[in-house]
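Working notes for the structure below.
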Amino acid sequence: MKELLKQFKNTLLESTTNLIPILVIIAGFQLLVFQTIPENILSISIGFLIVILGVTFFLMGLEIGIFPLGNNLSSEFLERNSLFWFSLFGFALGFGASIAEPAIIAVASQAGSITQGSLDPLTLRLIIATSVGAITAFGIIRTLLGWPIAKIIILGYAIVLMITYFTPPAIIGLAYDSGGVATNVATVPLIVALGIGITSALQGRSVLKDGFGFVALAAITPMISIQLYGIFALGDDFGSLPLEPLGETLEDEAHYDPNFTLFGIFIDIFKTFFNLLPIIATILFFQYLIIKKPLANLAGVVFGFIFLVIGLYAFIVGIKLGLFPIGESIASHLVQMDNVFFIYLFAFLIGFGTTMAEPALIAIIKQADKMSSTRLNIMMIRLLVALGVGIGILIGAYKIVHGYNIWLLLTLFYSLVILLALFAPQEIVAFAFDLGGVTTSEITVPIVTAFGIFLATHIEGRDTLMDGFGLIAFASIFPMITVMGYSLLALKIKKSKGS
């Protein structure tokens, strides 16, 4: 217990430090640019404190429960030597986690509201969940058989770009954003732990080169499936339908008032637990009915999931008390100022700040450093990823302001990603692709999605569906570019010094 309290204290300090960039950015804009203080400053401040606690509990849950569980499950399935049951477990895990993921539900609901029901939210969720489940199963098979992940990912993105050419323009941004939100805080750590567990147990495998890639694959397949749905089910005339502005929906989300009665808190925590229930049910079913062994480190797993539930609940409450209202307030001020420089500056800084605070990103980089034979510069990688997200959201905001064709931009940048993947050190390629997926998680997604839709809704001549979505896609692309670009540069410098 003493060791657990010490770990909690250290994690709390780390979480507080990680959220400082967001506080500095928001306070700077409010005091120096707008020269105002929000009316609901008290509730916003409380929201930030709750987010800090949420990050702390979330990271603790991953460290003591989720990561060890993923490694143990990999070992158990490898001992059983059944590719069928292992891949079936992967499908059930990916599908179950995605169908109940709050970020996916939120994006699907927003798309349904904007199109007045032309896009059915449940259909979108089922498409995404099936895609994630299928590719998780494929990822397990790929890792076991040793197929080169970099080539598969490059082929996947090439397919995405080709299909995009034929996709109705109105759904392209939503399809790419669906790939971003599919890689969520509950699923990502567990599937990453599965990949690391498999490669750690197999001789001659590299954790960085062979253990990563699950997240990248889970981001690619929803892009493909949603676009195919757009081509074959919606048709070319989709998008000519009247669209409903999302102002009231966003306002309701931003001013969400959590129920802080004892009963209300209990109900909200239960709802959060319900979102994780498909993952828990999948693990228990396969552990006791297929593997037929009790869970190793049962106490750690139980406490891990308890901490995860508390952390996710605190996230939801804190984000909606603190980050949603302040994000809406700043976006409103930026549009009223009629100065695009500050829109771009905020877009870059909020992307950078939220990424530096993203708990899933921190946890994955630490796990990679811990399990890999190659030592990683954790802070440098975080800075490179945060820089990439900032640049991506800045370019996404520029696209919204000027109304550029999203297909042309995405084709250009994904072509650059593919080119870098061909020349970057192969040890880092799969890891870099996964980092692009991990960034679009619990803190980044709600702020960035709300910011993009708000801009598209309030800038004359912009289509809410076509222009409002897509920021998550840009936020996913550029971390891949910055990480692989830096690794390529570092490799060239090392070679020049050696010669």
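The values are calculated or read from the model by the stated rules, or taken from the named source; none is laboratory data. Keep in mind that what you see is a predicted model, and the values were worked out from it rather than measured. Methodologically, a virtual Cβ is constructed for each residue, glycine included, from the backbone with ideal geometry; neighbour enumeration extends over all protein chains shown. Ligands, DNA and RNA are stripped out before the accessible areas are found, and what is left, the full protein with its side chains, is counted by its heavy atoms. Shrake-Rupley method; radii C 1.70, N 1.55, O 1.52, S 1.80 Å.
Structure summary
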| quantity | calculated |
| --- | --- |
| Accessible-area composition of the chain, carbon plus sulfur, in percent [1.4 Å probe] | 68 percent |
| Label-to-label distance, nm, for residues given as residue 265 and residue 281 (7 Å Cα→Cβ offset) | 2.9 nm |
| Anisotropy class of the range 56-108 from Cα gyration tensor, a/c 1.5 cut | oblate |
| Gyration tensor (alpha-carbon) shape descriptor, the range 1-159, a/c threshold 1.5 | oblate |
| Size of electric dipole in the chain: Cβ of Lys, Arg +1 and of Asp, Glu -1, about Cα centre, debye, nearest 20 | 2220 debye |
| Nearby lysines by direct alpha-carbon distance to residue 293 (threshold 17 angstrom, same-chain neighbours under 8 apart not counted) | none |
| Residue pairs, from the table 209/366; 366/495; 271/320; 292/370; 6/366; 151/209, whose Cα atoms sit over 21 Å apart | 366/495; 292/370 |
| Charged-residue dipole, Cβ positions (Lys, Arg, Asp, Glu), the range 262-363 about Cα centre, Debye nearest 20 | 540 debye |
| Cα gyration tensor shape of the range 288-432, rounded if a/c is under 1.5, else prolate or oblate by comparing a/b with b/c | oblate |
| Relative contact order [Cα under 8 Å, 6+ residues apart], the chain, whole percent | 25 percent |
| Under DSSP loop assignment and at most 16 Cβ neighbours within 10 Å, longest GluC sites (Glu not before Pro)-free interval of the chain | 40-459 |
| Rounded FRET efficiency, nearest 0.05, which uses the C-beta distance separating residue 369 from residue 27 and R0 of 30 Å | 0.40 |
| Computed lengthening from residue 458 to residue 49, 0.36 nm per intervening residue step minus Cα-Cα distance | 144.2 nm |
